[in-house]
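Report on one structure; see the data block that follows.
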Amino acid sequence: MKPFADRFEAGRSLAEKLTHYRERPNVLVLALPRGGVPVAYEIAKELNVTLDVFLVRKLGVPGNAELAMGAIASGGVRILNDDTVRSLRISKGAIDAVTYQEHKELERQERLYRNGRPPLNLFGRTVILVDDGLATGATMRAAARALRQQEPARIVVAVPIGAPETCAEFESEVDEIICGMTPDPFYAVGLWYKNFIQLSDEDVAELLNRMSVIKKSAPKLQA
């Protein structure tokens, strides 16, 4: 298995495994920023379906931000890891304070990425969640859980590269999981790209603005 040249090539390759969703009006491709956006851009373009972003912000434990106690996502969704909250005795006030800070950043990204476009209504739709790879799957898992609360008809997770065990775990967590390549040993997502440069917020906004298939009249996402 050879590394992808970049995320755009990875998206074109992954799109070949998603042709059964081509030109379905009820299908929506949702990218996890930032790395998932170039991949999703190529998929949405090839399938001729709508592209949008689904933002997820980790809620870090106070004093140990790397440890997640939950996450917030597009549409006003918050999910908490009850076991972590209970075992560390994290107060409601502390949770609300972290949520407030992360919500401000999520709103900033939403405004910049969408440039005035309203979030889309996900109810009853087939949603393809896309990222540039799956290592532990923590962010994608939080996204899928949050997305489920918006009541889509079907959740598909699609990534160009993934750890074999993580891709296998998602088979029981979503309606369909498509991992383009599952090398063993896996090591890390970035090793499977020749160009794995970080994207800026402006890069993300530009790619979203390019997509003429975005439906400006779509109803707002229900919180």
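Need the full-extension length gain, GLU16 to ASP184, defined as separation in residues times 0.36 nm minus the C-alpha distance. One decimal, nm.
Extra length from GLU16 to ASP184 when fully extended: 58.3 nm.
For a footprinting-style exposure proxy, rank LYS45, LYS104 by other Cβ within 10 Å, fewest first.
LYS104, LYS45
On a full-extension model of 0.36 nm per residue, what is the gain between SER91 and GLU23, subtracting their alpha-carbon distance, rounded to one decimal in nm?
Length gained, SER91 through GLU23: 19.7 nm.
Could you calculate the contour length gain from MET211 to ASN115, that is, 0.36 nm times the residue separation minus the distance between their Cα atoms, to one decimal place in nm?
Contour length minus the Cα-Cα distance gives 33.3 nm.
Over the chain, what relative contact order in percent results from Cα pairs under 8 Å that are six or more residues apart?
Relative CO of the chain lands at 27 percent.
With label points built 7 Å along Cα→Cβ from the Cα atoms of ALA65 and GLU169, find their separation and express it in nm.
Output for this residue pair reads 2.4 nm.
For the chain, what does -39500 (n - 2.57) per DSSP helix run (n ≥ 4), summed and divided by total residues, give at 222 nm, in deg cm²/dmol to the nearest 500?
-10500 deg cm²/dmol
Give, as ranges by residue number, the residues of the stretch 22-48 whose backbone N falls under 16 Å from the point 7 Å along Cα→Cβ of ASN195.
From the stretch 22-48, the list is 35-42.
Could you tell me the center-to-center distance, by alpha carbons, between the stretch 132-157 and the stretch 58-96 in angstrom?
Comparing the Cα centres of the stretch 132-157 and the stretch 58-96, I get a distance of 18 Å.
Which cross-chain or sequence-distant (5 or more) residues have an amide H under 5 Å from the amide H of ARG125, H modelled 1.01 Å from N in plane?
The answer is ALA153, ARG154.
Output the relative contact order of the stretch 57-113, whole-number percent, from Cα pairs under 8 angstrom with separation of 6+ residues.
32 percent
Regarding the stretch 57-113, what whole-number volume in Å³ per residue does the convex hull of its Cα atoms give?
Taking only Cα atoms, the stretch 57-113 has a hull volume of 71 Å³ per residue.
Computed from the coordinates by the stated procedures, all read-outs in this text should not be read as laboratory data. Fair warning: this is a prediction, and the values are worked out from it, not measured in the lab. We place every Cβ from the backbone using ideal geometry, glycine too, and count neighbours over all the protein chains shown.
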